[in-house]
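*Asks:* I'd like to ask you about the structure that follows.
The values are calculated or read from the model by the stated rules, or taken from the named source; none is laboratory data. None of the values given here were measured: they were computed from a predicted structure. Because the Cβ atoms are built from the backbone with ideal geometry, glycine has one as well, and the counts that use them run over all protein chains shown. The area values use the complete protein model at the heavy-atom level, side chains included, leaving out ligands, DNA and RNA. Shrake-Rupley method; radii C 1.70, N 1.55, O 1.52, S 1.80 Å.
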Amino acid sequence: MRIRAFTPQDLTALTDLTIETFRPFYEDSFRPLVGEAVFANQHGDWRDDYRRQVPGLHAPEQHLYVAVAEDEAGDGGIAGYVAWSVDPARRNGTVSHLAVAAGHRRHHVGTALCEHAFAQMRDLGAEVVEIGTGGDPFHAPARALYERLGCTALPTVVYYRRL
């Protein structure tokens, strides 16, 4: 596996990977949990939300960065990616997205991507990183990864209710 900077040619693959990675959360976890009315209001257009969001993840002039993990042993496709930002004034970094292709999960791709992003953040002056995830079963592997990386969890709860 090789980690490299994002290029514009990666955009379609990263968007597709994001949708593939988070489909089980939206369709199999969140939708049944909150019901159709809340789902439609909060994330009913989640695929198009990602289609609009992913193109803006890499904008170094705005302190936004993306790194891509390539599968050198297999077909050379994308194994995963990480997106992060740095707030130089606060010396703070934030990981906004981490997605790993299904065939590459449990092979330390997420770990390598996070460690790469953390190193880049340090090089850009960050002293602290923030990384969030859900408390539901779908996000359990992410929580385990972040804890292995030495992150401290701050529990929060978000409630939804149809009015």
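*Asks:* Considering only residues that are in a strand (DSSP E or B) and touching a helix residue (DSSP H, G or I) at 6+ places or on another chain (Cβ under 9 Å), look in segment 129-155 and name the one that is most open to solvent (accessible area, probe 1.4 Å).
*Replies:* Here is the first cut: in segment 129-155, the ones in a strand (DSSP E or B) are 129-131.
Filter once more, so that each one left must be touching a helix residue (DSSP H, G or I) at 6+ places or on another chain (Cβ under 9 Å): 129, 131.
Working: 129: 51, 131: 32 Å².
So, considering only residues that are in a strand (DSSP E or B) and touching a helix residue (DSSP H, G or I) at 6+ places or on another chain (Cβ under 9 Å), the one most open to solvent (accessible area, probe 1.4 Å) is 129.
Each row is one residue, and each column tells you yes or no for (1) small (Gly, Ala, Ser); (2) touching a strand residue (DSSP E or B) at 6+ places or on another chain (Cβ under 9 Å).
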position	(1), (2)
59	yes, yes
64	no, yes
68	no, yes
73	yes, no
78	no, yes
83	yes, yes
86	no, yes
91	no, yes
96	yes, yes
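*Asks:* Going by the structure shown, is residue 96 surrounded by 14 or more Cβ atoms within 10 Å (Cβ to Cβ), closer than 24 Å to residue 4 by Cβ and in contact (Cβ under 8 Å) with a residue 24 or more places away in the chain?
*Replies:* Details: surrounded by 14 or more Cβ atoms within 10 Å (Cβ to Cβ): yes; closer than 24 Å to residue 4 by Cβ: yes; in contact (Cβ under 8 Å) with a residue 24 or more places away in the chain: yes.
Judged against the criteria, residue 96 is a match.
*Asks:* Test of understanding: among 162, 122, which residue is at pLDDT 95 or above and either open to solvent by 30 Å² or more (accessible area, probe 1.4 Å) or among the hydrophobic types (A, V, I, L, M, F, W, C) (or both)?
*Replies:* Of the residues listed, the single one that is at pLDDT 95 or above and either open to solvent by 30 Å² or more (accessible area, probe 1.4 Å) or among the hydrophobic types (A, V, I, L, M, F, W, C) (or both) is 122.
*Asks:* Going by what's in this entry, would residue 62 be described as closer than 24 Å to residue 10 by Cβ, open to solvent by 40 Å² or more (accessible area, probe 1.4 Å), in contact (Cβ under 8 Å) with a residue 40 or more places away in the chain and of a type in the set (S, T, N, Q)?
*Replies:* no
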